[in-house]
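Notes to accompany the following structure.
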Amino acid sequence: MKAVCWEGKKNVRVEEVPDPKILNTQDVILRVTSTAICGSDLHLYNGFVPGMERGDVVGHEFMGEVMEVGPAVRNLKTGDRVVVPFPIACGECAMCRQDLFSVCENSNPNGWMAEKLWGHSPAGIFGYSHLLGGFAGGQAEYVRVPFADVGPIKVPDGMPDEQALFLSDIFPTGYMGADMCNIKPGDVIAVWGAGPVGLFAMASAYLLGAERVIAIDRFPYRLQMARERARVWETINYEEASVLERLNELTGGRGPDACIDAVGMEAHGPTAMYAYDRAKQALMLETDRPIALREAVQACRNGGTVSVIGVYGGFIDKFPMGSLMNRSLTIRTGQCHVQRYMRPLLERIQRGEIDPSFVITHRLRLEDAPRGYDMFLHKRDNCEKVVLTT
Amino acid sequence: MTTATHRTDPGGTSQGLFEDPERVARGLGWFSIGLGLAELGAPRGLARMIGVNDDDDNRNTLFALGLREIASGVAVLARPRSALPMWNRVGGDIMDLALLGRALRADSSERNRVAAATAAVIGVTVLDALTAQKLHAGTRDGADGKPHGGIHVTRAITLTRPREEVYWFWHDFENLPRFMEHLESVRVLDQNRSHWTARAPAGTTVEWDAEITDDRPNELIAWRSLPGADVSNMGSVRFLDAPGGGTEVRVELRYDPPGGKMAAAIAKLFGEEPSLQLSSDLRRFKQVMELGEVVRSDATVTHGPHPARPPELDEIPDAPRAIEQEALEGAIR
């Protein structure tokens, strides 16, 4: 089959690889119909995720048709159309039983690697490094899906791929970012990053009852998407204005009730701190550039919540712990527990409360994935979200 | 998961200076670093002090010896309870003595000074060797033939299954190879005895008979190898109620690695870390208890490294067979 393979920094290629096989009794094999390039795939692409090896099949946002079913699978059969959550979760361990699927205790066979870096291991993830299990990803014609009774959900007849696909990651991830803010009526929510996850966090903040949402980015087309498609109240271009001053103006000096970091480890900024972080990262003195995160902490109102859904990999520097501690802030974070959100969000789509396809700007064939990565990375042609079809 | 890897405390009583060989080792480590810094920083003065000619050759030699001295000092301080860095120091001392012997014969040397330096180095060599021996003795087999030294690892894991079920699964030693990667097979011989076969480095296998030394239902199983084992070893597993429900499993293993300490140190360089091995075994144990099978990924199902892409069928010789067997076991349950 054809699959998108990571071949080193800024190098992905569509290669011919063996077809997937059933390896565990709860596996299914899918024929992938639609898959997408995620912002977190760009962290792999840029070489910031440890534990990648040449030839790894990438991709963790995908859906398709069940072709083959393992002997222990009960809920799915050949021909079912499903969308698959990106964290692999067993459904039986203590974490899964508490709906903390992205920290499943059983789904990372390379847990020892993650333990060395992070103390304990989270769940395995499709196509996202050997540190997170060494599972082949879904930017491919076929993919093996473990724990098929736990993760995938059936897509209702008549719902197009483009409406269901983002239940695999970015819609639930953005939604969890807003959910962690514990939004109450009257709340003002600021979101750093108007990429696809940021847009879903903004839209979800409104779904959960926020009064006003403010979007922060540096690309005018992304801020425009936030205004037009996520209906945000205000936007701030951080290359044109001081984010902290502007947020204080917009919130009567209080600061936003909650701040969502939908940027993560490769943040940019116009300040000297950006040059500092860039240099430290290049010298391997810190792994992540927490520019958006620092700003989110400083901006947040006293007693407010900072919700982190942008991906971080390792260690950060100059974290404003004093601000966090002295002002009674709460930090909430995590890879999304997608399995928890899929069904309720599918119902919201069915009720017409949201149509997730609003983030798509580019539709390419799987063979064109390398062009999609390059375009997404360099924000060419106002690229927001690339969907690949087989 | 909690972890600990440590050596057994030095056994036996001793007197005087060597009551605490670890402290002596630390002292020697710092001495090593100090001497090394002097060799690097003041080679001329040092050359004069030990009575050798202050020429380029000798200065370069002193520079190299300084680097070696610092490295060996750091190694001793990093593992002051380990005999290996101390033996390494003894090796360095012998090298120094050989160089001083050559200097004694050289015409350009001041023989009295060289002789004094040689005497000092001999003194240090004796101290190093005694310390190394003492540290080594603390980790050697005891008189009772039990594995006292070598490797001692403890690890713990928590499962959602009830204590009784976990105990009975482990109690059937023939289940152990399902999650202990290095075990090829365990055959139960009678109520107390079993025959174990394990994979060893370089494609070899090691075998031993073991007996159960303690067995308290739902609480504890302990075993040890019988005399004549290829690898003498002992182990125990404790089962406790986890505070939030489920079972805590605490495993302790002691064994003398095949090929001795050197082989163990080399194996460690190639990633065969005993505590990591036990930790991965317990991860698979949890998977088998909670899910009925070991979780496989594209990169971990093959023998040896493999990218995260579907393997060819002939790269996974045991997978289809294993799945059929697991399905069968699932059906029986």
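Observations on the structure shown:
- For the range A:345-390, residues that are surrounded by 14 or more Cβ atoms within 10 Å (Cβ to Cβ) and at positive phi total 2.
- Total residues in the range A:34-65, condition more than 20 Å from the chain's Cα centre (by Cα) and touching a residue at least 40 places away in the same chain (Cβ under 8 Å): 3
- Residues that are in contact with a His (Cβ under 9 Å, 6 or more places away or on another chain) and at positive phi within the range A:21-52 comprise just one, A:GLY51.
- Against the list (1) free of Cβ contacts under 8 Å to residues at least 12 places away in the same chain; (2) not assigned by TED's automatic domain parsing to the domain that holds A:ALA258, the condition A:LYS379 fails is (1).
- In the range A:121-130, the residues that are facing chain B (nearest Cβ under 8 Å) and either free of Cβ contacts under 8 Å to residues at least 12 places away in the same chain or hydrophobic (A, V, I, L, M, F, W, C) (or both): none
- Pick from the range A:1-30, criterion assigned to a loop (DSSP other than H, G, I, E, B) and of a type in the set (A, V, I, L, M, F, W, C), ranking: surrounded by the fewest Cβ atoms within 10 Å (Cβ to Cβ): A:MET1
- Verdict on A:ASP355 being at pLDDT below 95 and in contact with a helix residue (DSSP H, G or I) (Cβ under 7 Å, 6 or more places away or on another chain): no
- Residues of the range A:96-113 satisfying the condition of being within 14 Å of chain B (Cβ to nearest Cβ), touching a residue at least 12 places away in the same chain (Cβ under 8 Å) and surrounded by fewer than 22 Cβ atoms within 10 Å (Cβ to Cβ): A:LEU100, A:VAL103, A:MET113
- Of the residues examined, B:ASP209 is not one that is acidic (Asp, Glu), closer than 22 Å to B:LEU159 by Cβ and outside any loop (DSSP other than H, G, I, E, B).
- Looking only at the range A:1-46, and only at residues there that are more than 12 Å from every other protein chain (Cβ to nearest Cβ) and of a type in the set (S, T, N, Q), the one that is farthest from A:PRO370 (Cα to Cα): A:THR33
- Any hit, the range A:69-79, residues being at pLDDT 95 or above, closer than 18 Å to A:CYS5 by Cα and within 14 Å of chain B (Cβ to nearest Cβ): no
- Screening B:ARG81, B:ARG89, B:ARG111 for residues that are under 18 Å from B:GLY51 (Cα atoms) and of a type in the set (Lys, Arg) leaves exactly one candidate, B:ARG111.
- Of all residues in the range B:185-197, none satisfies being charged (D, E, K, R), in contact with a Lys or Arg (Cβ under 8 Å, 6 or more places away or on another chain) and within 22 Å of B:MET289 (Cα to Cα).
- Qualifying residues in the range A:137-147 (those that are more than 23 Å from A:ARG363 (Cα to Cα) and facing chain B (nearest Cβ under 9 Å)) - the one surrounded by the most Cβ atoms within 10 Å (Cβ to Cβ): A:PHE147
- B:LYS268 vs. criteria loosely packed, with under 15 Cβ neighbours inside 10 Å, modelled with pLDDT under 90 and more than 7 Å from chain A (Cβ to nearest Cβ): yes
- Those residues of the range B:53-75 which are out of contact with any Asp or Glu (no Cβ under 8 Å at 6 or more places or on another chain) and either within 16 Å of B:ALA117 (Cα to Cα) or hydroxyl-bearing (Ser, Thr, Tyr) (or both), in sequence order: B:ASN53, B:ASP54, B:ASN58, B:THR61, B:SER72
- B:ALA319 under 16 Å from B:GLU181 (Cα atoms), touching a helix residue (DSSP H, G or I) at 6+ places or on another chain (Cβ under 9 Å), at pLDDT below 95 and outside the structural domain of B:GLU219 (by TED's automatic domain parsing): yes
- Hits in the range B:55-89 (condition: surrounded by 20 or more Cβ atoms within 10 Å (Cβ to Cβ), aliphatic (A, V, I, L, M) and closer than 19 Å to B:GLY34 by Cβ): B:LEU62, B:LEU65, B:VAL76, B:MET86
- Candidate set: the range A:148-184, residues that are in a helix (DSSP H, G or I) and of a type in the set (A, V, I, L, M); chosen: the one surrounded by the most Cβ atoms within 10 Å (Cβ to Cβ): A:ILE170
- Taking the criterion of being part of a loop (DSSP other than H, G, I, E, B) and polar (S, T, N, Q), the residues of the range A:325-347 that qualify are A:SER328, A:GLN335.
- Taking each residue of the range B:64-85 that is of a type in the set (Lys, Arg) and looking for partners that are outside any helix (DSSP H, G or I) and surrounded by fewer than 21 Cβ atoms within 10 Å (Cβ to Cβ) with beta-carbon atoms closer than 7 Å, six or more apart or interchain, yields B:ARG81/B:ARG7.
The values are calculated or read from the model by the stated rules, or taken from the named source; none is laboratory data. None of these values were measured; they are calculated from a predicted model. Cβ: placed from backbone, ideal geometry, glycine included. Neighbour counts: every protein chain shown.
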